[in-house]
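Reading through the structure tokens given below for one structure.
Only the coordinates and a few stated rules stand behind these numbers; no lab work does. Since the structure is predicted, the reported quantities are computational estimates derived from the model, not experimental observations. Please note: Cβ atoms are built from the backbone with ideal geometry, for glycine as well, and neighbour counts cover all protein chains shown.
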Amino acid sequence: MGQANILKKKAGLWWKIPLFVLLILLVVTGIYVYNLYAGAKNTVDKKMNQEVSSINHELTNKKVEQKEPLSILLLGVDERSGDRGRSDALMVLSVDPENNRSQLISIPRDTRTEMVGDSQQAGKLDKINHAYAFGGTEMAIQTVESLLEIQLDYYIRMNMEGLSEMVDAVGGITVQNELQWKDRGYYKKGYEYSKGNITMNGPQTMGFVRMRYKDPNGDFGRNERQRKVIQGIIKKGASIKSVNKIGEVMNVLGNNVKTNMDSNIMQELLLNYRSARENMTTYQMKGKGTKIDGIYYLRVTEQELQEVHDMVKEYSS
């Protein structure tokens, strides 16, 4: 499969998935557990559920009932008050329950492609993460489908600002920090991160996972810190026995997650598709950086796009 094999690798443990995907899995598990205690159906169906016209929900729900392969768009968005924001991360998760396997393909946010959907920007070439800014989830879905020539079944969108609220909801987390630095960037509050075990609240955690330029390992180092944060959230969350605390976590999820799945579909995925997580491969789509009119883009070749298309289709048939 040519250069598409360069970064394709086994991810034997599910916690190696990037940050917001792990949060999504935590969402699904948390919803199921909370259903047993207090019935989160209202939170999911009234606050989180948001259908889109670009996906045939009757068709996709039948696929779940028949345990057929699914393709899910995962959107991590940097969305703040009064601003729709842009998609900070785009991934296509392919789940193949019959063969107990899944695949996660990351689409670089700077990928240059045609905008597709109901917007004045439709038909123009731009960064793929701008599709969400121009036309919301609908345009993000249609642009990804057009880029890879695939059909998506579901989407899950999470506002990454909700990470701070999630950490505070579980009462803070403790992680092992390998790099000492003082944060003057994302939150501009002068947080100091010492080596060793550190305990953080929500805003401190955001500074911890957002830092990139002071880390000699760049994005790899940031991904490692994200993994530690998720481990911390899961460890702390697993110790929560109070229904009130669980309800607080559900409120955070309800305020920061949107999806076209309802509570019944989520439970079906947890019960009938969870074995597919045990055999996951990951891949990041690649291209060549270039500047056009002074703006940085990632150019992806037709060969790379075809190979990524084939990778998705392999898990969908």
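Worth a mention:
- Net charge over other residues, Cβ less than 10 angstrom from the Cβ of E98 (K, R count +1; D, E count -1): 0
- For the listed residue pairs K286/K313; K47/K228; K214/K286; K62/K313, the alpha carbons are over 22 angstrom apart in K47/K228; K214/K286.
- Charge sum, other residues only, whose C-beta stays under 13 Å from N56's C-beta, Lys/Arg counted +1 and Asp/Glu -1: -2
- A cut-off of 5 Å between modelled amide H atoms, ignoring neighbours fewer than 5 places along the same chain, links Y155 with L73, N260, M261.
- Extension gain, Q306-S194: 0.36 nm per intervening residue step, less the Cα-Cα distance, totals 35.8 nm.
- Ordering of 56-68, 131-143 by burial proxy (mean other Cβ atoms within 10 Å per residue, highest first): 131-143, 56-68
- Estimated distance in nm for a label pair at E268 and D168, the labels positioned 7 Å out from Cα along Cα-to-Cβ: 3.7
- With a simple spin-label model that places each label point 7 Å from the Cα along the Cα-to-Cβ direction, the separation between K313 and I295 comes to 3.1 nm.
- Take each peptide in 94-105, 195-206, count the other Cβ atoms within 10 Å of every residue, and average; sorted highest first, the result is 94-105, 195-206.
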